[in-house]
Amino acid sequence: MSMIVLYVVFFFLRGCSAVIYSLNSSEYSRMPPLYGLDDFDTCMLEPGGTYCLVDVDLFSERPSDLMHLIHEYSANVKKHYNHSQIHRGVCVTKSCRHLNYTWDLNVTLEVCLNESIWKDYNIQAKLNHIHYCKRDIDHVVLDMSDFVVIIVYMVLIALNIIGSLYDVLFCHENSKSGNLYVLSFSLRRNWEKLVAPSGVGTDHRLQKLKSFHGLRAMTMVCVIFSHVVLIMAYAYIDNTLYIEKAYEDPIKQILFNGQLVVHTFFVMSSFLLAYNYEINAEKHKVSWWHFPKGLLLRWVRLTPTYGLMLATISTLMRHIGSGPMWDLVVTSESNACRQYWWAHVLYIQNYIYDDKLCVPVSWYLAADTQLFCVGLLICITCRTMRTKKAALVTLFLLSLVITSSVTYFLNLDAVVIQSPETCRNLYVLDYTFNYIYIPGHANLSTYIMGLSGGFLAYHWQDEGKNLDKYKKYQWVIWLMFPIAVLVVLSGGIFYLSEDNMIPTAFKVLYATLYKPLFQLLIVTFIISCVFKLESCYRKIVEWRGFTWAGRLSYGTYLVHTLVIKGLIGAQTLPTHMTDYYVLVVLAGSVLLSFLAAGALWLCVEAPVAGLVRAALATSGGQRVEGQ
């Protein structure tokens, strides 16, 4: 009866093209499961065992109530999967043994799947795509690139052992004597740097930036949370209704619209660039030489660790696991990185739209590097506060024009719609993601806001500006967190209605302003921490325990998807998602990611930074990157 009422309502609302927005469990179970996997291990034990991962289209040549139901339920593309295409892992030698699968695998799979679907659901199936087939005799063999990466790891381990022994045997613990290049690989000294208090240095103003470690660490946990759910949805799950019902849960809307959080990294990066550059300019004459030097220092700081991760993904990750989903989740990334590694080394991968599977999260590194060039140019060319204001205002307005124009003329969504199918395909075909979310120029507004905050904080301190009179308004700072949550939740409006029901002007306005509005709250909060206008939030983000976690945020950002993909890709059965299971995987991913990042920091990041400092000390140079 409820289904009849639902059909009638949508008929009058939407004419002949009905859309089913919800189904009860019994009606939902009428549809074939979206995902299914035959037993992989048993299949591979059989002589000649063949296991294929395939996409299958469902159809019916005659009138079918079930196909009608499937099409109308799948028509709600923002919240539902496309149930007219199912995804299977098939043991051909077991499930299709009654067929002559030796002569044509495509035909065999299609006939086999069509038989099982027709038998259980009385509809038909047509093979759409074979992702890959694995046979019992297939083995991934170590090639030259694998051996090269293994040698690189061995060299790194040897250097850290040599540097540590040199420090312990020939240098006093607190002594500054010794070869700086060798001591760069001392684990003892690097550990001391990792756990050292924040802001220790010759300039007392750097102690005002303790809040950055807490912001980095908390933002990183939020990023890991979103990627845990994303990678689970990308792989096979046996309770797809859990994902589809999540769109009706107000709490989970924070997750679907939480892409704003990662932009906090842009604000922190640009704030530190402006602030530290101004401090550096007090003692060193600014020249155009600082631009190529700053770019080189940044490239040297980021690339060794990033390059090692790229090399590991391209080579060794293929060998450390197996299973029906391993090639889909892990090996596909290895193949993409082998093809597009050059784009990542040049930090232009966010403009290579075919490259979506190689470290997808690295779009941020590319965009931040591109925006760093803009920020460094502003620092070098704008010597007075007036010219800085003119440049920042001009670029900020230009960024708003770019966002609004691209959104309007390409008819994009106001936000990246995290639909089930979009997540399942990792945004490969999502134009909003490609043109508004990941390009460097599309994030210029938030970067400019961070630069503005850094310049403003420096000049207020330089002028000795007393902001104590504003402490009585600290309740405004307290309101920032709930306001930020409301800004994130506001994106849920685009999941509530069809695109043609939302005015284009509203979509364009929202797409243009929602990121700057959110990051304005972040910049204001950072400035309030620098000038100690509020104590409650500030003490949380300045907690001593966040210091080391903040320093590990870069390495954690690089390795966390490897950890999550390894956990999910090794599953031999579709994952059963529950709130508790997601939290367990999140906890494990956070712990393992930070541990791996700690090893990277001690053995790669810190030694590279030490080598740079040693080279600059030898040449009498000075760091200008300011990050």
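In table form, for the structure just shown:
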quantity: Dipole of the stretch 48-178, positive end: most advanced residue of Val54, Leu69, Val148 [Cβ charges, Cα centre]; calculated: Leu69
quantity: Estimated D of the stretch 300-392 in µm² per second, where Rh is the Kirkwood radius over Cα pairs and Stokes-Einstein applies at 4 °C, 1.567 mPa s; calculated: 86 µm²/s
quantity: Calculated P(r) of the chain - Cα pairs past 40 Å, %; calculated: 36 percent
quantity: For the stretch 127-284, the spread of Cα positions along each principal axis, largest first, Å; calculated: 68, 49, 27
quantity: Charge dipole (debye, nearest 20) of the stretch 72-128; +1 at Cβ of Lys and Arg, -1 at Cβ of Asp and Glu; calculated: 220 debye
quantity: Highest average packing first - 447-456, 503-512, 108-117, Cβ atoms within 10 Å; calculated: 447-456, 108-117, 503-512
quantity: Most to least accessible of Phe409, Phe59 (protein chains only, probe 1.4 Å); calculated: Phe409, Phe59
quantity: Protection proxy ranking, peptides 562-568, 552-558, average beta carbon neighbours within 10 Å, highest first; calculated: 552-558, 562-568
quantity: Residue pairs, from the table Lys208/Lys465; Lys94/Lys134; Lys208/Lys469; Lys210/Lys293; Lys210/Lys388, whose Cα atoms sit over 21 Å apart; calculated: Lys210/Lys293; Lys210/Lys388
quantity: 0 to 90° range, to nearest 10: angle between helix 504-530 axis and the chain longest Cα axis; calculated: 40 degrees
quantity: Kirkwood hydrodynamic radius over Cα pairs of the stretch 339-399, then Stokes diffusion coefficient at 37 °C and 0.692 mPa s, in µm²/s; calculated: 249 µm²/s
quantity: Over the stretch 326-484 - Rg/Rh using Cα atoms and the Kirkwood inverse-distance radius; calculated: 1.07
quantity: Inter-centroid distance (Cα atoms) of the stretch 107-164 relative to the stretch 206-239, Å; calculated: 27 Å
quantity: Helical contribution to [θ] at 222 nm, DSSP H n ≥ 4, -39,500 (n - 2.57), averaged over the chain, rounded to 500; calculated: -19000 deg cm²/dmol
quantity: Stokes-Einstein diffusion coefficient of the stretch 125-187, Kirkwood radius over Cα pairs, 25 °C, 0.890 mPa s, in µm²/s; calculated: 155 µm²/s
quantity: About the Cα centre, charge dipole magnitude for the stretch 275-425 (Lys/Arg +1, Asp/Glu -1 at Cβ), debye; calculated: 800 debye
quantity: Per-residue ³J(HN,Hα) for the stretch 559-565, Karplus 6.51 cos²θ - 1.76 cosθ + 1.60, θ = phi - 60°, Hz, x for Gly and Pro; calculated: 9, 5, 6, 4, 5, 5, 5
quantity: Between the stretch 26-99 and the stretch 345-372, the Cα center-to-center distance that results, in Å; calculated: 34 Å
quantity: All aspartates and glutamates inside 13 Å of Lys472 as judged from Cα atoms, apart from same-chain residues fewer than 8 positions distant; calculated: Glu534
quantity: For peptides 265-275, 479-489, sequence by mean Cβ density within 10 Å, most packed first; calculated: 265-275, 479-489
quantity: Chain lengthening between Asp462 and Leu159 when straightened (0.36 nm per residue, less Cα-Cα); calculated: 104.7 nm
quantity: Positive-end residue of Thr387, Leu486, Thr407, charge dipole of the chain with Cβ unit charges; calculated: Thr387
quantity: Dipole of the stretch 344-437 [Lys/Arg +1, Asp/Glu -1 at C-beta], most positive-end residue of Tyr435, Val416, Ala366; calculated: Ala366
quantity: Those lysines that a straight Cα-Cα span of less than 20 Å connects to Lys176, excepting residues fewer than 8 apart in one chain; calculated: Lys193
quantity: Solvent-accessible ranking of Ile402, Ile313, Ile157, largest area first, probe 1.4 Å; calculated: Ile157, Ile402, Ile313
quantity: Test item: Cα-centred dipole of the chain, Lys/Arg +1 and Asp/Glu -1 on Cβ, debye; calculated: 3020 debye
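The values are calculated or read from the model by the stated rules, or taken from the named source; none is laboratory data. Just so it is clear, the model here is predicted, and its values are computed rather than measured. Ideal geometry is used to build each Cβ from the backbone, glycine not excepted, and the neighbour counts take in all protein chains shown. All accessible areas refer to the heavy atoms of the entire protein, side chains included, with ligands and DNA or RNA removed. Shrake-Rupley method; radii C 1.70, N 1.55, O 1.52, S 1.80 Å.
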